[in-house]
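Reviewing the structure listed below.
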């Protein structure tokens with residue numbers, strides 16, 4: 001048991017290290033189909049036919065059996081239509097969804113927490129049928145060409161579809177996916193010269209995009225509202241050259257006395273590549289008061305805050321007020337073990353989507369070269385310090401010296417890993433907490449202040465130049 005007292009968010013480690021029955025077979029079927037997409041379906045080879053058959057056989061006992069079987073036969077013969085490719089994408093997604101569900105069951109067993117009941121509505125399927133069909137045609141052309149057969153002519157034909165979708169908010173989710181996917185493919189053209197193909201990644205993007213072309217799949221999630229006290233646990237910062245996102249993981253204590261529940265709140269912003277480190281918070285902070293409260297170690301009081309069935313708060317500062325002081329580690333020790341985990345939407349069931357808040361203490365830290373592991377009740381859990389952002393005081397060195405950790409339990413490369421969000425370590429016989437979002441509300445730390453000043457200067461210059469261009 002970790003910890004020995006009944007307070008830890010992560011109580012058992014053995015479910016996270018024991019083999020999951022059927023997982024390897026499911027992933028092998030997915031891999032077999034992904035290899036089919038490398039060469040393409042224009043002129044299928046015997047090895048590709050075997051990969052298609054393996055995918056269809058893997059869903060033989062499901063409602064997809066007949067459609068997947070027919071689609072595999074048509075694709076192996078080189079005569080697959082768009083509806084057959086959609087069926088193959090659905091079979092692949094179903095297998096990865098089953099892996100996701102099996103892994104989440106292990107997480108629930110390890111934490112001892114319950115999972116929220118699914119309340120996902122039926123889709124009406126009314127948006128942009130013509131544009132969805134155009135996107136599906138482009139994705140079908142990609143599948144026939146294969147990743148080794150892509151060229152700029154094939155890839156660039158997505159641009160018109162994306163441009164037509166972007167003005168429609170209901171289609172923007174798919175438009176952004178297609179835009180990013182096509183840009184990534186364009187940077188890799190011609191496919192025949194690729195030394196290494198990101199097989200799983202491109203197949204993930206292709207199959208997800210293909211399923212989102214099904215009418216109704218991209219409707220905005222229905223939202224209810226919640227009241228209560230929001231207790232932040234930590235923040236996951238995801239940074240790219242031109243964009244940054246902060247996703248706050250928290251426990252909500254509903255005002256109606258219902259059990260606490262895990263929720264998330266995210267904010268994103270475009271960014272210039274010159275803004276890095278603590279400067280990122282300047283771009284995000286104006287859009288979400290929660291970040292300031294997080295940096296100051298305070299709770300927030302929510303009133304009629306919109307929330308989806310997946311536990312995502314559709315954040316609006318109008319529905320939130322700053323509350324009293326709230327220590328994240330006290331929340332992790334006392335409230336987190338009683339919280340209900342959010343369910344995943346059907347199309348979001350994928351192993352890489354697992355990111356479950358947990359709490360550990362009393363572990364043994366072990367270093368293996370540059371890698372770091374926590375010894376938990378005789379089991380080894382890898383720690384992903386590469387995900388620790390430079391935008392806060394939390395560092396890999398602090399994680400290695402820690403005695404307690406709030407983190408996100410993820411699954412990557414065949415094993416569970418822990419992404420630290422905050423740690424406690426002993427400094428001069430006192431417990432000191434370091435958070436990845438410790439600078440979210442501002443900082444007096446020298447490194448943080450320097451980065452904030454540099455970001456202020458960079459943003460001011462960019463705004464001045466943008467204003468000059470607009471005046472011209």
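Observations on the structure shown:
- Between residue 42 and residue 245, the modelled label-to-label distance comes to 3.4 nm, taking each label 7 Å out from Cα in the direction of the beta carbon.
- Here the spin labels are modelled as points 7 Å beyond Cα on the Cα-Cβ line, and at residue 432 and residue 31 they lie 4.5 nm apart.
- Of interest is the spacing of the C-alpha centroids, which for region 165-220 and region 328-402 amounts to 30 Å.
- FRET efficiency estimate (nearest 0.05) - Cβ-Cβ, residue 463 to residue 322, R0 30 angstrom: 0.60
- Look at the alpha carbon pairs under 8 Å that are at least 6 residues apart: their mean separation over the length of region 38-182 gives a relative contact order of 25 percent.
- From the coordinates shown, Rg and Dmax of the Cα atoms in Å corresponds to which of [x] 20.9, 62; [y] 23.6, 71; [z] 22.5, 63: [y]
- Contact order relative to length of the chain, as percent, for alpha carbon pairs under 8 angstrom and 6 or more apart: 16 percent
- Helical runs assigned H by DSSP (4 residues or longer) give the chain a calculated mean residue ellipticity at 222 nm of -12500 deg cm²/dmol, each run adding -39500 (n - 2.57) before division by the residue total.
- Between region 267-289 and region 223-238, the alpha-carbon center distance in angstrom: 19 Å
- Modelled FRET efficiency - R0 35 Å, residue 456 with residue 397, Cβ distances, 0.05 increments: 0.80
- Within the chain, antiparallel bridges make up roughly 90 percent of the DSSP beta bridges whose residues both belong there.
- Multiplying the residue separation of residue 130 and residue 256 by 0.36 nm and subtracting their alpha-carbon distance yields 40.9 nm.
- Inter-label distance, nm, simple model (7 Å from Cα along the C-beta direction), residue 413/residue 225: 4.7 nm
- Structural descriptor for region 122-221: relative contact order 44 percent, calculated from alpha carbon pairs under 8 angstrom and at least 6 residues apart.
- The stretch between residue 21 and residue 200, if pulled fully straight at 0.36 nm per residue, gains 62.3 nm over its current Cα-Cα span.
- Nearest 10 degrees, 0 to 90: helix 46-58 Cα axis against the chain principal axis: 60 degrees
- Our estimate of slack between residue 153 and residue 117, defined as 0.36 nm per intervening residue step minus the Cα-Cα distance, is 8.3 nm.
- Extents of region 122-221, taken as max minus min of Cα coordinates on every principal axis and listed largest first, are 43, 24, 19 Å.
- Angle in degrees between helix 82-111 and the longest Cα principal axis of the chain, rounded to the nearest 10: 30 degrees
The numbers here are math on the coordinates, done by the rules we state, and not lab data. Treat the numbers as computed from the prediction; the structure is a model and nothing was measured. For neighbour counting, all protein chains shown are included, and Cβ atoms are generated from backbone atoms with ideal geometry for every residue, glycine included.
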